[in-house]
Amino acid sequence: MQTSDTFNTILNLMPILFIWFFGLIFAIIVITFIFDTTQSKNAVLKNYPVIGHFRYLFSNLGEFFRQYFFAMDREEMPFNRAERDWVNRASKGNNSTIAFGSTKNLSAPGTSIFINCPFPTLDSDVVENKTVTIGEGYSDNPYTAKSIFNISGMSYGAISKPAILALSKGAKMAECWMNTGEGGLSSYHLESGADLVFQIGTAKYGVRNSDGSLNDEKLAKIAEYDQVKMFELKISQGAKPGKGGILPGIKVTTEISGIRGIPKGKDSVSPNRHIEISNDSELLDMINHIRNITKKPVGFKIVIGHIKWLDGFLNEVNVRGVDSAPDFITVDGGDGGAGASPMALMDNVGLSLKESLPLVVDNIMQNGLEDRVKVVASGKMITPADMAWAICAGADFVTSARGFMFAIGCIQSLKCNKNTCPTGITTHNKRLQKGLNPESKAEKVKNYVHNMINIVETIAHSCGVKEVRSLNRTHIRIVQNNGKSIPMNELYPTCPERENNESI
Ligand SMILES: Cc1cc2nc3c(=O)[nH]c(=O)nc-3n(C[C@H](O)[C@H](O)[C@H](O)COP(=O)(O)O)c2cc1C
């Protein structure tokens, strides 16, 4: 009886509700019309009042719909769907095979074609991948990194607490290193016990004096952590060479301001270079100063602009003596990612890794420093073919930032600078972080590392070598503008083939 009364009341109210609803819509349209026609800032809205708003709505929504409905598998940037899906499958530990045939255009200039051996390496002939020790003979605590594939710098601040936890737990499980990025060291990095590379950015977050200079005591304290295996001086980052880190004020929480030593809620903008380093000699001074204090291997991260610079720098190393050399150089691609960066720097400044890596390796060899200075390749290295290319070119290690973001759930919504990341990775909004479970995502990080290395091994065995680090430039051809491929050792002939060429 009571239910039918309520129903009747609702029915009686219906006409009034309709009048209110349409009245409200009409009022909004009228107000918008008046606003659009009287304003003078926007020509589209002035000429097309009310309806002009749909243009902005659709162009915003288009960003999302393109990804699902319209973009082809190999079309999107910076990473296309085929690449993202591969990382997704690899991190789930699922079968990473595909069916029917490649969707990749294999005659596009720059495509890598690995040279398969008619007699691939038998499983029974496979050996463990060789390990590489960084700083051996020159540092009190050289570091033998277990994994060839590692996590690139992403600061706590640019990425969230659960993201840091997922990555550090995953790094521990995968036995790879995790770079802290320039935002300092937090308890979340340390919690899992993973190997860490502490990055010293231009603002020296975590190891700074109030004037922005390096605080030696704070640095020594960080070096006391056994987990911190190496120190990386950030000279430049591919996505923003010549510009320091940018963390929008909205992401500078109380905790992050404490870790970095900066005011809460204010944009955190690092200087565009280290104030103490304005030439090669000062760079070497700083590297050696950090090594003396930390007693651990020290290297630097840079995006290459002019290769002649590196030549001059390595020349200076030889003049001072090889013990003064950086223990490693991380070469970042000009097409690298960032939490926030001006578009012009992201798009048009700095050589891509594809161009710079072989030049850097050659230059180190020409200066006779290949045994001393290890090379870490960074920049769009998210699939096994990318990584195998870098090893062929001469890299000792490969790192990835965005690959690991995909592994923990990134959907490339391009919102890292807005604190609205829908997957909780680059936001400090607790509601959005709820979907990012560090435990389950750590498992994905581990799977991603293992599958990545596993497939690079498969490529190596197909090329007829017994382990990944035996790959060299004779094992890969690069497609040219005319559609024909040529061997990488012909493209970059100055690099002598590695002695350990094990082609069968
Ligand atoms: C969200 C985000 C934060 C980053 N933070 C840092 C950082 O603190 N320090 C740094 O040297 N690079 C930082 N990078 C750049 C990466 O370490 C890496 O050099 C670059 O993205 C290229 O690698 P990728 O293509 O694997 O992402 C960041 C990148 C992203 C996407």
Burial ordering of 59, 124, 462, 378, fewest other beta-carbon atoms within 10 Å first: 124, 59, 462, 378
So what is the relative contact order of the stretch 123-491, in percent, for Cα pairs below 8 Å that sit 6 or more residues apart? 20 percent
Select from the stretch 101-193 those GluC sites (Glu not before Pro) which occupy a DSSP coil region and have at most 15 other Cβ atoms within 10 Å, ordered by residue number. 128, 136, 175, 191
Sequence-distant or interchain residues sharing an amide H contact under 5 Å with residue 183, placed H: which? 155, 156
Tell me the Rg and the Dmax, in Å, that the Cα atoms of the chain produce. 26.3, 98
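Counting other beta carbons within 10 Å of each residue's own, what order do 286, 178, 14, 343 fall into, fewest first?
Sorted ascending by nearby Cβ count, the order is 343, 14, 286, 178.
Once whole DSSP H runs in the chain are found, which of them have Cα atoms spread over 24 Å or more along the helix axis and a mean Kyte-Doolittle score of at least 0.5?
Flagged H segments are 2-38.
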Given the Cα-Cα distance of residue 486 and residue 419 and 0.36 nm per residue of separation, how much length would full extension add, in nm? 19.6 nm
How far is it, in nm, from the label point at residue 94 to the one at residue 69 when both lie 7 Å from their Cα along the line to the Cβ? 2.4 nm
Under a point-charge model restricted to the Cβ atoms of Lys and Arg (+1) and Asp and Glu (-1), what is the dipole moment magnitude of the chain relative to its Cα centre, in debye to the nearest 20? 1680 debye
Which of 141, 375, 103 sits farthest toward the positive end of the charge dipole of the chain, with +1 on the Cβ of Lys and Arg and -1 on the Cβ of Asp and Glu? 103
Under 17 Å from the residue 44 label point (7 Å along Cα→beta-carbon), backbone N, the stretch 60-92: 60-66
If I take R0 = 60 Å and measure r between the Cβ atoms of residue 273 and residue 22 in this structure, what FRET efficiency does the formula 1/(1 + (r/R0)^6) give, to the nearest 0.05? 0.50
Report, to two decimal places, the Cα Rg of the stretch 2-70 normalised by 2.2 N^0.38 Å (N = number of residues). 1.76
Shape metrics for the stretch 262-339, restricted to C-alpha atoms - Rg then Dmax, Å: 14.7, 47
Straight-distance crosslink candidates among lysines, where the alpha carbon sits under 18 Å from residue 308 and sequence neighbours closer than 8 are dropped: 354
5 angstrom amide H check on residue 463, placed H, neighbours 5+ away: 117
Amide proton proximity set for residue 268, modelled H, under 5 Å, gap of 5+: 247, 249
The distance between the Cα centres of the stretch 18-85 and the stretch 324-382, in whole Å, is 40 Å
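Since every read-out is calculated from the coordinates, none of them should be taken as a lab result. Keep in mind the model is a prediction, meaning the values are calculated, not measured. Positions of Cβ are generated from backbone atoms using ideal geometry, with glycine treated the same way; all protein chains shown enter the neighbour counts.
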